[in-house]
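Everything below concerns the one structure shown next.
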Amino acid sequence: MTKVVASLPDGTRFDFVVHSGIDQFISQRIKNRGSWEPFETGIMISLLRPGDVFIDIGANIGWYTVMSALTVGRSGHVFAFEPAGDNADLLERNVALNRLDNVKLFRCALAESTGAMQFVRSPTNMGDHRVVSSTGAVGATTVAVDTLDRLVACSEVELAKARIVKIDTQGAELFVLKGAQNAFMGLRDECAIFIEFSPNLLRMHDSVASESFLQMLGKLARNIYVINSRFRTVHPISNDELRGFAASCSGASEDVGLDLILAPRDDSQLRRFRRPYQLLLKPRFLRRRAGGTAGRTADR
């Protein structure tokens with residue numbers, strides 16, 4: 001591992017450890033720049049308040065876990081989920097380095113049922129580990145799987161005060177949503193959901209998964225925004241536009257996708273990030289991404 005001094009957009013500085021040499025995107029970017037996805041990080045900081053709860057599904061080495069724990073303070077809580085052992089080890093180290101006693105780590109993936117799933121690791125991109133639906137995948141191991149519905153019902157996760165839920169699971173987002181349907185009915189109106197939409201990764205699990213994913217988003221009764229890190233703006237987008245984007249992804253790189261915010265109906269806090277620009281939804285205009293069970297996608 002390598003320790004760096006990292007910083008948040010609001011100027012907060014803190015120690016942070018990253019993978020040494022083997023992680024070509026997330027760790028490398030933090031080593032080089034001392035930060036990870038500053039625009040998305042800034043949006044989240046603007047939404048969080050002391051005492052809030054942050055749910056980090058696909059926490060990787062803990063960038064968003066640490067950021068949110070520092071922001072919500074001791075009166076708040078962060079619940080982080082990371083199935084890859086080496087990523088979870090660094091997350092625990094980052095929590096300890098910053099003396100954060102408001103973080104609870106679950107070393108598991110979230111899906112629609114409890115048990116275990118096959119898990120394939122990327123050798124060079126620690127943000128590209130994936131759960132897989134089929135058995136017999138080359139190099140696959142097994143990871144524990146739980147559901148957010150069960151964890152909330154058992155009072156292991158405090159969802160009632162959640163201000164942000166972040167879901168970035170490299171194509172397993174639909175599994176997460178299906179296992180959280182009851183829990184999400186109890187989300188407070190002010191809660192925002194940050195989620196990745198990668199149609200081709202979703203289709204690797206099920207040919208109609210992309211459409212099922214969009215139907216699930218519709219049930220959450222929130223305004224949908226797409227994040228454009230290149231232009232540092234967010235822009236409203238409809239389900240029909242997302243369907244068009246999904247259709248246009250056929251034949252494109254598997255990891256082309258969009259970062260979405262499912263915003264509260266009163267989304268006034270996001271308006272400061274809205275600026276006019278040409279919304280580019282064709283895959284050839286989108287840079288490829290590196291996120292997954294590991295945290296947010298890369299803008300490189």
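The values are calculated or read from the model by the stated rules, or taken from the named source; none is laboratory data. Not measured: the values here are computed from a predicted model. Please note: Cβ atoms are built from the backbone with ideal geometry, for glycine as well, and neighbour counts cover all protein chains shown.
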Give me the pairs: first residue in the range 21-38 and under 16 Å from Val5 (Cβ atoms), second residue part of a helix (DSSP H, G or I) and of a type outside the set (Asp, Glu), beta-carbon distance under 8 Å, and six or more apart or on different chains, which are they?
Ile30/Trp63; Ser35/Arg29; Ser35/Thr41; Trp36/Ile26; Trp36/Arg29; Trp36/Ile30; Trp36/Trp63
Does Asp149 satisfy being in contact (Cβ under 8 Å) with a residue 40 or more places away in the chain, acidic (Asp, Glu) and either within 24 Å of Pro264 (Cα to Cα) or part of a loop (DSSP other than H, G, I, E, B) (or both)?
no
Please work out which residue is nearest to the chain's Cα centre (by Cα), limiting yourself to the range 239-269 and to residues that are of a type in the set (Gly, Ala, Ser) and part of a loop (DSSP other than H, G, I, E, B).
Gly257
Within the range 212-231, of all residues that are of a type in the set (D, E, K, R) and either in contact with a Gly (Cβ under 9 Å, 6 or more places away or on another chain) or exposed (fewer than 15 other Cβ atoms within 10 Å of the Cβ) (or both), the one nearest to Ala183 (Cα to Cα) is Lys219
Selected residue (criterion: surrounded by the fewest Cβ atoms within 10 Å (Cβ to Cβ)) from residues of the range 185-211 that are within 18 Å of Val145 (Cβ to Cβ) and not small (Gly, Ala, Ser):
Asp206
Contact list please: Cβ distance under 6 Å, first residue in the range 162-190 and within 13 Å of Ala111 (Cβ to Cβ) and among the small types (Gly, Ala, Ser), second residue modelled with pLDDT under 95 and assigned to a helix (DSSP H, G or I), pairs at least six apart or on different chains.
Gly171/Leu201; Gly171/Leu202
Within the range 48-95, count every residue that is of a type in the set (Gly, Ala, Ser) and buried (at least 24 other Cβ atoms within 10 Å of the Cβ).
7
Go through the residues of the range 99-106 one by one and say whether even a single one is touching a residue at least 60 places away in the same chain (Cβ under 8 Å), closer than 18 Å to Ile55 by Cβ and buried (at least 23 other Cβ atoms within 10 Å of the Cβ).
no
For the range 123-144 the number of residues that are without any contact (Cβ under 8 Å) to a residue 60 or more places away in the chain and either assigned to a loop (DSSP other than H, G, I, E, B) or crowded, with 21+ Cβ neighbours inside 10 Å (or both) is 7
Residues located in the range 158-198, provided they are closer than 16 Å to Ile261 by Cα, in a helix (DSSP H, G or I) and touching a helix residue (DSSP H, G or I) at 6+ places or on another chain (Cβ under 6 Å):
Leu174, Leu177
Restricted to the range 87-98, and to residues that are among the aliphatic types (A, V, I, L, M) and touching a residue at least 60 places away in the same chain (Cβ under 8 Å), which residue is farthest from Pro123 (Cα to Cα)?
Leu97
Positions within the range 165-202 being among the hydroxyl-bearing types (Ser, Thr, Tyr) and more than 14 Å from Asp56 (Cβ to Cβ), in sequence order
Ser198
Tally the residues that are in contact with a helix residue (DSSP H, G or I) (Cβ under 8 Å, 6 or more places away or on another chain) and either in a loop (DSSP other than H, G, I, E, B) or in contact (Cβ under 8 Å) with a residue 40 or more places away in the chain (or both), restricting the search to the range 199-232.
11
Matching residues in the range 13-38 - criterion: being surrounded by 13 or more Cβ atoms within 10 Å (Cβ to Cβ) and hydroxyl-bearing (Ser, Thr, Tyr):
Ser27, Ser35
Selection count where residues are at pLDDT 90 or above and either basic (Lys, Arg) or touching a helix residue (DSSP H, G or I) at 6+ places or on another chain (Cβ under 6 Å) (or both), scope the range 249-267
1
